[in-house]
Amino acid sequence: MSAPVAVVTGGAGAMGTAIATVLLGEGYRVALLDRRDAEEAAHRLARAHEGRVLGVAADVSDEGSVRAAIERVDATWGRVDALVNNAGVEPQHSVEAGELETWQTTLDVNLTGAMLMIKHCIPLWRRLGAGRVVSVGSRVWLGGGSTASYSASKAGLVGMTRAACRELGPLGVTANVVAPSFVRTPFNAVKGDADHIEDYAGRFAAASPLGTLVEPVDVAHAVAFLLSDRARAITGETLHVAAGTQLAPAIT
Ligand SMILES: NC(=O)c1ccc[n+]([C@@H]2O[C@H](COP(=O)([O-])OP(=O)(O)OC[C@H]3O[C@@H](n4cnc5c(N)ncnc54)[C@H](O)[C@@H]3O)[C@@H](O)[C@H]2O)c1
């Protein structure tokens with residue numbers, strides 16, 4: 001049997017690279033979809049995994065771009081076994097200021113993008129008779145996030161997954177969410193300067209019963225588990241990879 005194929009959106013980012021690296025280690029072929037640096041990221045990973053990495057420039061919030069990206073993966077490898085919806089943005093805004101454009105962009109990328117990716121993978125899963133989706137949410141879906149649009153988009157991912165898994169189940173496809181807490185990646189740079197981020201990280205470590213922060217590889221291992229046959233009976237679930245901070249009150 002040929003190696004399974006995983007598509008990882010936001011694949012050039014910190015978490016995307018960690019997820020791709022773990023999946024490559026498990027024998028997958030991996031397509032990295034990103035709106036920037038997809039080919040460069042693929043090139044870096046291909047040094048150790050020649051012929052098993054593909055970089056595809058794509059904007060998940062644009063349906064034409066999503067369709068073209070999935071067609072490219074299909075044309076290259078002829079299948080998609082697993083989809084990891086990992087692309088995400090968190091532009092800062094307040095509800096009072098409104099800033100509808102910011103609100104809309106966040107929902108377009110984090111939520112609509114995930115739905116569009118699932119939509120365009122469905123024909124391939126029908127052909128295969130199986131499939132897997134893991135979407136990277138966030139602990140903030142429970143409440144206490146710093147931006148309303150981001151929290152809404154991540155809560156929406158949970159709701160969308162719990163509904164979509166009913167539609168996908170008869171196709172042999174599971175759909176789940178992995179919800180990390182703070183992870184030290186460039187993603188958080190929008191929240192403030194280095195000192196602010198370190199204080200923020202410290203508050204997360206203090207709120208963790210384990211006294212630790214989550215690393216990208218922790219998220220990657222949870223994703224790999226939910227994509228594996230060991231998780232064949234798990235669908236519609238949200239797995240917190242949050243070092244226990246999902247039990248803590250709001251951390252801001
Ligand atoms: N870092 C954290 O603290 C944290 C915590 C919880 C959840 N998350 C989630 O983890 C995921 C990955 O975050 P990260 O920390 O690796 O951040 P990152 O900024 O390193 O990676 C995000 C990637 O998404 C890509 N992207 C953004 N918009 C896109 C679009 N329209 N189309 C295609 N690609 C797009 C970016 O180019 C980037 O490469 C995000 O969904 C984020 O919400 C992050």
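General remarks:
- Fluctuation leader among 134, 89, 219 - the chain, Gaussian network, Cα springs under 10 angstrom: 89
- Using a Gaussian network model of the chain in which every pair of alpha carbons under 10 angstrom is joined by a spring, one finds that among 118, 70, 234 the greatest mean-square fluctuation is at 234.
- Paramagnetic reach from residue 95 (point 7 Å along Cα→Cβ, amide N under 16 Å) across the stretch 142-178: 142-156
- Taking label points 7 Å from Cα along the Cα-to-Cβ direction, residue 127 and residue 212 give a separation of 4.1 nm.
- Equivalent ellipsoid, the chain (semi-axes from 5 times Cα gyration tensor eigenvalues, Å): 28, 19, 19
- Solvent exposure of the chain as accessible area per residue, Å², 1.4 Å probe: 45
- The local environment of residue 176, defined by Cβ-Cβ distances under 11 Å, has a net charge of +1 under the rule Lys, Arg +1 and Asp, Glu -1.
- Relative to the Cα centre, the charge distribution of the stretch 5-247, modelled as +1 at Lys and Arg Cβ and -1 at Asp and Glu Cβ, gives a dipole magnitude of about 960 debye.
- Positive contributions from Lys and Arg (+1) and negative ones from Asp and Glu (-1), summed over other residues with Cβ under 11 Å from the Cβ of residue 3, come out at +1.
- Applying 1/(1 + (r/R0)^6) with R0 = 25 Å to the Cβ-Cβ distance of residue 197 and residue 37 gives a FRET efficiency near 0.70.
- Relative contact order of the chain, defined on C-alpha pairs under 8 angstrom at six or more residues apart (%): 19
- Largest mean-square fluctuation among 100, 227, 124, in a Gaussian network model of the chain whose springs join Cα atoms under 10 Å apart, belongs to 100.
- Summing charges over all other residues whose Cβ lies under 14 Å from the Cβ of residue 197, with Lys and Arg as +1 and Asp and Glu as -1, gives -2.
- Phi angles of the stretch 57-62 translate, via the Karplus equation with coefficients 6.51, -1.76, 1.60 and θ = phi - 60°, into HN-Hα couplings of 6, 7, 10, 5, 8, 10 Hz per residue; Gly and Pro are given as x.
- For the chain, the share of accessible area belonging to carbon and sulfur comes to 53 percent (1.4 Å probe, ligands and nucleic acids excluded).
- Cα centroid of the stretch 1-16 to Cα centroid of the stretch 177-222, whole Å: 22
The values are calculated or read from the model by the stated rules, or taken from the named source; none is laboratory data. Values in this document were obtained by computation on a predicted structure and should not be read as measured data. When we count neighbours, we look across all protein chains shown, and the Cβ atoms used for this are built from the backbone with ideal geometry, even at glycine. Keep in mind that these areas ignore ligands, DNA and RNA; they rest on the heavy atoms of the full protein, side chains included. Shrake-Rupley method; radii C 1.70, N 1.55, O 1.52, S 1.80 Å.
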